[in-house]
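Colleague: I have a structure here, written as structure tokens, and I will follow up with some questions on it.
Every read-out reported here was derived from the displayed coordinates using simple, explicitly stated rules and does not represent laboratory data. Quantities reported herein were computed from a predicted structural model and do not represent experimental measurements.
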Amino acid sequence: MNRPEADNRDLYAIADLAREFGISTRAIRFYESKGLISPERVGGTRVFRRRDRARLILILRGKRLGFSLRDISEYLSLYDAHSQTAQVSKLVEMVDRRVALLEGQAADLQTTLAELREIWKLATERLAQGA
């Protein structure tokens, strides 16, 4: 996903970024429509800079970790403000919320699995008895 030559470039076409990150150009345009990235326009062509590429990396990482676009947008706005303390505090808050949610889901999943295993056990015992 990360090509060394991509890190040293100043300008990127939408197709270059889509190919590099394995996403569609439509996804990139969607992130642009949400104000998460802001490519320049040269005629009718979108021109992405290193800043846009870096923001796209953060967006995709955030999505992969399950953060909402709202969370990602808030985090990116702090990134732009160059407020490292506020940015790190927001990150801690986001991670705390996400971990708590995932831990709750994991507990629910374990309960569901235990119930399904019990149902399976009872059903197979019944079958063995000749139902």
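Colleague: With springs only between Cα atoms under 10 Å, which of Glu32, Glu115, Glu40 fluctuates most in a Gaussian network model of the chain?
Modeller: Evaluated over the chain, the most mobile residue of the options is Glu115.
Colleague: Still on this model: Would you list the membrane-span-like helices of the chain, meaning whole DSSP H runs whose alpha-carbon atoms span at least 24 Å along their axis and whose mean Kyte-Doolittle value is at least -0.5? Write down the numbers at each step before the final one.
Modeller: Numbers: long enough: 84-128 (64 Å, -0.07).
Helices passing the filter in the chain: 84-128.
Colleague: Per DSSP H run of n ≥ 4, the term is -39500 (n - 2.57); total these for the chain, divide by its residue number, and report the mean residue ellipticity at 222 nm rounded to 500 deg cm²/dmol. It would help to have the intermediate numbers written out before the result.
Modeller: Values: 6 runs with 94 residues, N = 131.
My calculation for the chain gives -23500 deg cm²/dmol from helical runs alone.
Colleague: Also, I was wondering about something else. Ratio of alpha-carbon Rg to the 2.2 N^0.38 Å globular estimate for the chain, to two decimals, please.
Modeller: Numbers: Rg = 22.3 Å, N = 131, 2.2 N^0.38 = 14.0 Å.
Dividing the Cα Rg of the chain by 2.2 N^0.38 Å gives 1.59.
Colleague: Okay, next question. Got the relative contact order for the chain handy, in percent, Cα pairs under 8 Å and 6 or more residues apart?
Modeller: Numbers: 69 pairs, mean separation 20.5, N = 131.
That works out to 16 percent.
Colleague: Give the lysines whose C-alpha is closer than 16 Å to that of Lys121, dropping any in the same chain fewer than 8 places away, or say none.
Modeller: Result set, ordered by chain and number: empty.
Colleague: Straight-line reach from Lys63: which aspartates and glutamates fall under 17 Å, measuring Cα to Cα and dropping same-chain residues less than 8 apart?
Modeller: Reachable aspartates and glutamates: Glu20, Glu32, Asp52, Asp71, Glu74, Glu93, Asp96.
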